[in-house]
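So the structure is just underneath, and the comments pick up after that.
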Amino acid sequence: MSVTSIAAINGITSPLLERLQDQLGALGAAGLRRQRRTTDSPCAPCVQVDGRAVLAFCSNDYLGLANHPEVVEALREGAGLYGAGSGASHLISGHSRAHALLEDRLAEFLAPHLVLPRALTFSTGYMANLALLAALGGTDADIFSEAVNHASIIDGARLSRSAVRVYPHGDVATLDLLLAASQAPTKLVVTDSVFSMDGDLAPLPELLALCERHGAWLLVDDAHGFGVLGANGRGALEHFRLCSPHLIYMGTLGKAAGVSGAFVAAHESVIETLIQRARPYIYTTATAPALAHALLTSLTLIGGADGAQRRLHVNRLIARLDGTLRLQRWQRLPSFTPIQPVIIGGNDEAMVAAAALDARGIWVPAIRPPTVPRGTARLRITLSAAHSEADVDALVVAMNTLEEPLAHVA
Ligand SMILES: *Cc1c(COP(=O)(O)O)cnc(C)c1O
C-alpha cells in the first residue's frame with residue numbers, strides 16, 4: 001500500500017490530504033468558503049433553521065407549491081400507488097404510468113409553442129442540459145453559448161465535444177457574426193431564458209429570428225420561467241408568444257413546480273434521439289414515480305386559476321419591493337421576475353450584509369464569485385407567492401436601514 005492511500009486516520013501525513021487542506025485554507029482566506037445551513041421545516045417563507053425561525057427569501061419556489069397541501073397529498077397518494085422507488089432506469093423497467101402521463105401533460109402544456117411536440121422527463125435540470133447538449137452536439141456541431149449561462153449548460157457543452165463559442169450577455173449582433181462564420185452542419189444556440197443570478201430575460205424573439213435565418217436550433221433553459229411567466233404559466237415561450245420548429249425547450253420541475261426533476265419538450269424526433277442516445281437519460285435510475293404523480297397536481301395548479309392567482313400575487317410583491325426599497329450605494333438590478341438581486345460589490349460586505357439580515361431574523365443568501373463575476377457579490381432576494389406583503393415590508397425595512405451603517409465595510 002502506498003503512503004498516500006493511507007488517510008490521516010492513523011496519524012500518518014498524506015500529501016494528498018495536505019493538498020486538499022491547503023486548497024480549502026486558500027478558499028477560506030479569500031472569503032469564499034461556503035457553508036450549508038440545515039432546515040427542519042418545509043420550504044416556506046418561515047423556515048426553522050439551526051434551531052430558530054427565520055423569514056426566508058432564498059428559494060426558487062416561486063409559486064409556493066413546494067408545501068402546497070394538494071401537492072403534498074398527491075405525493076402521498078403516488079407513494080401508495082407506485083411505492084417508494086422506480087427500481088430501474090427508464091429503458092429497463094423504471095418508466096411508470098406516472099412518468100408517461102406527466103410527459104403527455106407537459107407536451108400538451110407546451111404545445112402552443114412547439115411543432116409536433118413530445119416531452120421527456122429527467123431526474124434534474126442539470127442532467128437534462130448534459131443530455132441535450134451531449135446528444136445533439138458532437139464534433140460536427142458548433143455550440144453558441146450565452147456568457148452567463150447556467151453551469152449545467154457549460155458542462156453539457158464540454159461533454160458534447162462540440163466547438164463552443166461564447167457570445168457576450170444579450171449580444172445578438174455578435175451572435176449573428178459567429179453564426180454566419182460557422183460551417184458546422186449542426187448549430188446549437190443555447191441560453192437561459194431568465195438569468196438565474198440577475199433575473200433579467202434573454203432576447204428570445206431576436207435569438208429565434210437569428211436561428212431561423214442561420215438554420216440553427218434555439219435551446220431555451222427556462223428553469224426560472226416555467227410556471228412563472230406567461231398568462232398560463234407556460235413560461236418564457238408564452239411570455240414572448242414564440243412558436244417554431246427550431247425551438248428546444250427545457251424546464252425544471254423543482255423550482256416553480258415545487259417538486260423535483262426537469263423535462264425537455266421539442267419535436268418528436270429530438271425527443272426520440274434523446275431516448276436513444278442521451279447517456280444522462282439512459283444510464284440512471286428513473287425518479288420515484290410518486291414525484292411524477294405529484295407533478296401532475298403541480299401542473300394542474302400552474303395552468304389553472306390557482307396558478308394565475310399566485311402569479312398575480314408574486315407580481316404584486318415584486319412591484320411592492322420595487323416601490324419601497326431605497327438604496328444608495330448598493331444597486332438593484334432591473335428585473336421584473338421573482339429574482340431580485342441587490343449588487344453589493346465586495347465579498348466581505350456581501351457576507352456582512354447577509355449576517356446583519358440574519359441577526360434580524362431574515363435569510364437572504366449572499367452570492368459570491370465564481371457563481372457571479374468578481375466584484376459583483378450580491379444578495380439574491382427571491383420572492384414567492386407564499387410570501388405576504390408584510391414579509392416583503394419586513395425585508396425592505398431591514399435593507400433600507402442596513403446599507404448606510406455598512407459603508408465602512410465597502
Ligand atoms: C436550477 C437550474 C438548472 C438545474 O436544474 P436542477 O433541476 O436544479 O438540476 C439548470 N439551469 C438553470 C438556469 C437553473 O437555474
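Here are the numbers for the structure shown:
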{"read-out": "Selection within the range 327-344 - closer than 28 Å to residue 31 by Cα and surrounded by fewer than 16 Cβ atoms within 10 Å (Cβ to Cβ)", "value": "327, 328, 329, 331, 334"}
{"read-out": "Count of the range 99-148 residues which are part of a loop (DSSP other than H, G, I, E, B) and not aliphatic (A, V, I, L, M)", "value": "6"}
{"read-out": "Identity of the residue in the range 26-63, more than 16 Å from the ligand (Cβ to nearest atom) and of a type in the set (Ser, Thr, Tyr), that ends up most open to solvent (accessible area, probe 1.4 Å)", "value": "38"}
{"read-out": "Which listed residue is within 16 Å of the ligand (Cβ to nearest atom), within 19 Å of the chain's Cα centre (by Cα), under 21 Å from residue 308 (Cα atoms) and among the small types (Gly, Ala, Ser), from 66, 131", "value": "66"}
{"read-out": "Scan of the range 275-300 for residues that are surrounded by fewer than 24 Cβ atoms within 10 Å (Cβ to Cβ) and assigned to a helix (DSSP H, G or I), ordered by number", "value": "275, 276, 277, 279, 280, 282, 296, 297, 299, 300"}
{"read-out": "Near pairs, Cβ below 7 angstrom, 6+ apart or cross-chain, from the range 79-90 (not assigned by TED's automatic domain parsing to the domain that holds residue 284) to any residue that is open to solvent by less than 50 Å² (accessible area, probe 1.4 Å)", "value": "none"}
{"read-out": "Test: residue in the range 1-18 that is under 30 Å from residue 345 (Cα atoms) and not assigned by TED's automatic domain parsing to the domain that holds residue 232", "value": "no"}
{"read-out": "Test: residue 371 is hydroxyl-bearing (Ser, Thr, Tyr), surrounded by fewer than 19 Cβ atoms within 10 Å (Cβ to Cβ) and under 15 Å from residue 34 (Cβ atoms)", "value": "yes"}
{"read-out": "Failed item in (1) without any contact (Cβ under 8 Å) to a residue 60 or more places away in the chain; (2) open to solvent by 10 Å² or more (accessible area, probe 1.4 Å); (3) away from the ligand (no atom under 11 Å from the Cβ); (4) part of a helix (DSSP H, G or I), with residue 211 passing the rest", "value": "(2)"}
{"read-out": "First in the range 340-352 and under 16 Å from residue 57 (Cα atoms), second anywhere and open to solvent by 40 Å² or more (accessible area, probe 1.4 Å) and assigned to a strand (DSSP E or B), Cβ under 8 Å, 6 or more apart", "value": "340/332; 341/332; 342/331; 342/332; 343/331; 343/332"}
{"read-out": "Residue list for the range 171-195, filter: open to solvent by less than 40 Å² (accessible area, probe 1.4 Å), assigned to a loop (DSSP other than H, G, I, E, B) and not hydrophobic (A, V, I, L, M, F, W, C)", "value": "182, 193"}
{"read-out": "Conditions (1) assigned to a helix (DSSP H, G or I); (2) out of contact with any helix residue (DSSP H, G or I) (no Cβ under 7 Å at 6 or more places or on another chain); (3) more than 18 Å from residue 267 (Cβ to Cβ); number of the one not met by residue 241", "value": "(1)"}
{"read-out": "From 261, 254, residue being within 16 Å of the ligand (Cβ to nearest atom) and buried (at least 22 other Cβ atoms within 10 Å of the Cβ)", "value": "261"}
{"read-out": "Residue satisfying all of: in the range 345-365; open to solvent by 10 Å² or more (accessible area, probe 1.4 Å) and in a loop (DSSP other than H, G, I, E, B); farthest from residue 396 (Cα to Cα) among these", "value": "346"}
{"read-out": "Qualifying residue in the range 391-406 (condition: at pLDDT 95 or above and not in a helix (DSSP H, G or I))", "value": "no"}
{"read-out": "Criterion violated by residue 198 - all others in (1) part of a helix (DSSP H, G or I); (2) within 16 Å of the ligand (Cβ to nearest atom); (3) in contact (Cβ under 8 Å) with a residue 60 or more places away in the chain satisfied", "value": "(1)"}
{"read-out": "Verdict on residue 74 being assigned to a loop (DSSP other than H, G, I, E, B), open to solvent by less than 50 Å² (accessible area, probe 1.4 Å), of a type in the set (A, V, I, L, M, F, W, C) and within 30 Å of residue 289 (Cα to Cα)", "value": "no"}
{"read-out": "The range 243-268 residues that are farther than 11 Å from residue 125 by Cβ, paired with ones that are acidic (Asp, Glu) and assigned to a loop (DSSP other than H, G, I, E, B) (beta carbon under 8 Å, 6 or more apart)", "value": "249/222; 256/61; 258/61"}
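The values are calculated or read from the model by the stated rules, or taken from the named source; none is laboratory data. Bear in mind the structure is a predicted one, so any value in this text is a computation, not a measurement. Reconstructed Cβ throughout: ideal geometry from the backbone, glycine too, with neighbour counts over all protein chains shown. Ligands, DNA and RNA are stripped out before the accessible areas are found, and what is left, the full protein with its side chains, is counted by its heavy atoms. Shrake-Rupley method; radii C 1.70, N 1.55, O 1.52, S 1.80 Å.
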